[in-house]
Structure formats: structure tokens, C-alpha cells
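The block underneath contains the structure these notes are about, expressed in C-alpha cells.
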Amino acid sequence: MNDYVIKVRDFRKVYGDLVAVDSISFEVQRGEIFGLLGPNGAGKTSTLESLEGLRAPDGGSLQVMGVDPARESRKLRNLIGVQLQTSGLPDSMRVDEAMRFFCAYHGVAPHYHLLDRLGLAERMGAQYHTLSAGLQRRLALAVAVAHNPPVMFLDEPTAGLDVPSRIELHNLMRELQTAGTTIILATHDMAEAEKMADRVAILLRGKIVATGTPRELTATGAGLTKVSVRTEGPSLSDPSITFPAVSQVAFKDDYAIYYSTDPGPTVSAIIVHIEAQGDTLIDLRVERPSLEERFLEITGTRGGQ
């Protein structure tokens, strides 16, 4: 039997004449990393804030581990950890003070080892306003997980982080998941969502337009597989050469690039052609459609969100 820790039923959020979230429903299983994706204004923040108890729904129902976020805030606060894009910590608060404050609020001992792990050990006495944006985000994450909550909400968790910090954060997310923590990940980073999320929901204009695993989503729609080929000679230099299932052709950095609806016949035909021309294959790469490409197709956006 599925063990759902988050249940959203016909959730609706309205601001004046604006319908920010229009009767959406989804469920998240225990120990799952669930990605909430969508362009700006899609309804992600309203959904997260309502699940966190910061806003009341205008329709439908929300549950986090059986708790109504809008009506049972005292029960909710120890069940969830929240890393927001902006933490709102006082400028003069020190790093060690922030850890003590949040742990005292949740009734647990300070977990300074989290500060060490996230690269903040040498900045214990530093005031919040002196930290870089990346260090501020690391501190926000450290205090969010310090009380070991069973449910985590992460809003753009890796924005502003360098590569080592991103890797450390992802490792920490995996450890939390292995321990049974359920994570809701709101992100604009499609590569991050594809790598980390077990399932994703794509929001567009307040409605869920697609739900599934990243692989399920990239396997549907009009996404084309990218076949990049480099040869020693000019056997593929003529753009008029046709191969099965290819709908687009491009040339870049000594590679002929074919966009195929069925890569098997495409690759076979390309290899036969290269051999027939007496040419030599140097490199061949087959890349399935990415979650970002599928996201852009679904949302009808180009060049970012």
C-alpha cells in the first residue's frame, strides 16, 4: 500500500481576480524526492507556502503527515523543515546563534556538525550580513534540517552555490532520503530535477500539466533524440543526405548532428553510409531528450523560464 505523507486535493489559491492555483491534486510518498517545476507565476510558491502553513487555501484540502497546515500549525512546525530562497535572518545574527536559535525553537540540541559539513565551521562567529549569497543559502539549509524533520521543503536550494557545495547538498539530500525524509524540491534547474527527483509535477498557469518520473516525461511528446557524429572525412558534410527518422540536421564543431524520432534506424543507416563512402567514424554520441527540453515543449517557453 502506498504511504502518502503529502496529499493535495483540488487545491485552489486566489489573490483578488488572479487564480494563482486552479484546483490541483497530487500526492507524495514517504521517502520520495518530488520536484515541483514551472515557469515564474505558475503557482509553485503559493503551493509551497500553503503546504508550509504560511497561507490558507481558498478551496480544496492539504495534508502533511495527516496535519492540516492552515489549522494545525503547532503540530506542523516539528514535522517540516523549510529552506526558503531568502531566509529572513537578522543581519547581525551570527552563524552559531542561528543554529542555537532554530534548534531551541524545535526543542533539540544544536547540530554544529551540519555547519562544518556545509563549509560554515570557520564562519561560526560571522554575522549573517557578512556571508556571501552562497554561504547564506548553506546556513538556511543547515538550520532547516537541524531538527531532523520527516518532510523537507527546498525552494531553489542550489541557487548561488558553487559546484562543490552543490555536490555536497545533493549528497545530503540523498542521505536524508535514505533515512526516510520526504523532500519537496522546487527548482528552475531542470538538470537538478532530472538528477534528483523521483517524480515531478509541472505547473503552468496554476494547473498541473504533466506528472511522472523524469524518464517517463522525457519519453513522451515530440522530443527528439540527438545523434552527433564526427568522421575523419567529408562523408556527412552534404546536408541533403537523408537518413531514416531524421527530422532536423545541424553542423557544429566538426560534428553532423541529427535529431531523430527513432535513433536505432538512424544510427544504423549513418554507419552504413560512412562505411560505403570509405570514411572513418571518429565519434558517435546518442543523447535522449532532456527534462529541460521536455519542460520547454510542455510550457511553450524558450531560452529559460
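The values are calculated or read from the model by the stated rules, or taken from the named source; none is laboratory data. Keep in mind that what you see is a predicted model, and the values were worked out from it rather than measured. Cβ: placed from backbone, ideal geometry, glycine included. Neighbour counts: every protein chain shown.
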Reported set for the stretch 7-23 where residues are surrounded by fewer than 20 Cβ atoms within 10 Å (Cβ to Cβ), assigned to a strand (DSSP E or B) and not small (Gly, Ala, Ser) is Lys7, Arg9, Asp10, Arg12, Val14, Tyr15, Leu18, Val19, Asp22
Tell me, please, whether a residue that is within 30 Å of Arg12 (Cα to Cα), more than 16 Å from the chain's Cα centre (by Cα), surrounded by 15 or more Cβ atoms within 10 Å (Cβ to Cβ) and not assigned by TED's automatic domain parsing to the domain that holds Leu176 can be found in the stretch 219-242.
no
Unmet criterion (only one of (1) over 28 Å from the mean Cα position of the chain (by Cα); (2) closer than 13 Å to Ser165 by Cα) for Ala104:
(2)
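Out of the stretch 1-25, which residues are hydroxyl-bearing (Ser, Thr, Tyr) and at negative phi? Outline the logic, then answer.
Here is the first cut: in the stretch 1-25, the residues hydroxyl-bearing (Ser, Thr, Tyr) are 4, 15, 23, 25.
Tyr4, Tyr15, Ser25, listed by residue number.
Residue-by-condition table, conditions (1) touching an Asp or Glu at 6+ places or on another chain (Cβ under 8 Å); (2) loosely packed, with under 15 Cβ neighbours inside 10 Å; (3) under 15 Å from Gln83 (Cα atoms); (4) among the basic types (Lys, Arg):
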site: Gln127; (1), (2), (3), (4): yes, no, no, no
site: Phe153; (1), (2), (3), (4): yes, no, yes, no
site: Glu175; (1), (2), (3), (4): no, yes, no, no
site: Thr187; (1), (2), (3), (4): yes, no, yes, no
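Anything in the stretch 204-218 that is among the polar types (S, T, N, Q) and either buried (at least 22 other Cβ atoms within 10 Å of the Cβ) or modelled with pLDDT under 85 (or both)? List them, or say none.
Step one: list which residues in the stretch 204-218 are among the polar types (S, T, N, Q), which gives 211, 213, 218.
Residue satisfying the conditions is Thr218 alone.
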When restricted to Ala256, Ala201, the only residue in the same structural domain as Ser25 (by TED's automatic domain parsing), hydrophobic (A, V, I, L, M, F, W, C) and buried (at least 18 other Cβ atoms within 10 Å of the Cβ) is Ala201
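Are any residues in the stretch 31-73 assigned to a helix (DSSP H, G or I) and either crowded, with 17+ Cβ neighbours inside 10 Å or touching an Asp or Glu at 6+ places or on another chain (Cβ under 7 Å) (or both), and if so, which ones?
Kept after step one, since they are assigned to a helix (DSSP H, G or I), are these residues of the stretch 31-73: 44-51, 73.
Hits for the stretch 31-73 are Lys44, Thr45, Ser46, Thr47, Leu48, Glu49, Ser50, Leu51.
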One residue is enough: does the stretch 74-87 have a residue meeting the conditions within 19 Å of Leu203 (Cα to Cα), over 18 Å from the mean Cα position of the chain (by Cα) and crowded, with 21+ Cβ neighbours inside 10 Å?
no
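Checking the condition under 29 Å from Thr299 (Cα atoms), among the small types (Gly, Ala, Ser) and in the same structural domain as Phe26 (by TED's automatic domain parsing), which residue from Ala210, Ala179, Ala133, Ala140 passes? First the steps, then the outcome.
Details: Ala179 fails: under 29 Å from Thr299 (Cα atoms); Ala133 fails: under 29 Å from Thr299 (Cα atoms); Ala140 fails: under 29 Å from Thr299 (Cα atoms).
Within the list Ala210, Ala179, Ala133, Ala140, the selection yields Ala210.
Starting from residues that are assigned to a loop (DSSP other than H, G, I, E, B) and under 17 Å from Leu36 (Cβ atoms), keep the ones in the stretch 154-171 and report whichever is farthest from the chain's Cα centre (by Cα).
Pass one, the stretch 154-171, residues assigned to a loop (DSSP other than H, G, I, E, B): 156-162.
After this cut, where a residue has to be under 17 Å from Leu36 (Cβ atoms) as well, the list is 156-159.
Details: Glu156: 8, Pro157: 9, Thr158: 10, Ala159: 11 Å.
That would be Ala159.
How many residues does the stretch 202-217 hold that are part of a strand (DSSP E or B) and within 15 Å of Arg294 (Cα to Cα)? It would help to see each step written out before you state the result.
Just the residues of the stretch 202-217 that are part of a strand (DSSP E or B), to begin with: 202-204, 207-212.
Still in the list and also within 15 Å of Arg294 (Cα to Cα): 202-204, 208-212.
Summing the residues that are part of a strand (DSSP E or B) and within 15 Å of Arg294 (Cα to Cα) in the stretch 202-217 gives 8.
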I'd like to know if the stretch 276-291 contains one or more residues that are buried (at least 18 other Cβ atoms within 10 Å of the Cβ) and of a type outside the set (A, V, I, L, M).
yes
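Can you find a residue that is out of contact with any His (no Cβ under 9 Å at 6 or more places or on another chain), in contact (Cβ under 8 Å) with a residue 24 or more places away in the chain, assigned to a strand (DSSP E or B) and among the aliphatic types (A, V, I, L, M) anywhere in the stretch 188-201? Steps first, answer last, please.
Within the stretch 188-201, the first condition is being out of contact with any His (no Cβ under 9 Å at 6 or more places or on another chain), and the residues that meet it are 188-191, 193-194, 197-201.
Add one more test, that the residue is in contact (Cβ under 8 Å) with a residue 24 or more places away in the chain, and what stays is 188-191, 193-194, 197-201.
Imposing the further condition that a residue be assigned to a strand (DSSP E or B) reduces the set to 199-201.
Remaining after also requiring among the aliphatic types (A, V, I, L, M): 200-201.
Within the stretch 188-201, one or more residues are out of contact with any His (no Cβ under 9 Å at 6 or more places or on another chain), in contact (Cβ under 8 Å) with a residue 24 or more places away in the chain, assigned to a strand (DSSP E or B) and among the aliphatic types (A, V, I, L, M).
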Taking only the stretch 253-289 into account, find how many residues are in a loop (DSSP other than H, G, I, E, B) and touching a Lys or Arg at 6+ places or on another chain (Cβ under 9 Å).
4
Filtered residues of the stretch 112-144 (kept if part of a loop (DSSP other than H, G, I, E, B) and farther than 21 Å from Thr158 by Cβ)
Met124, Gly125, Ala126
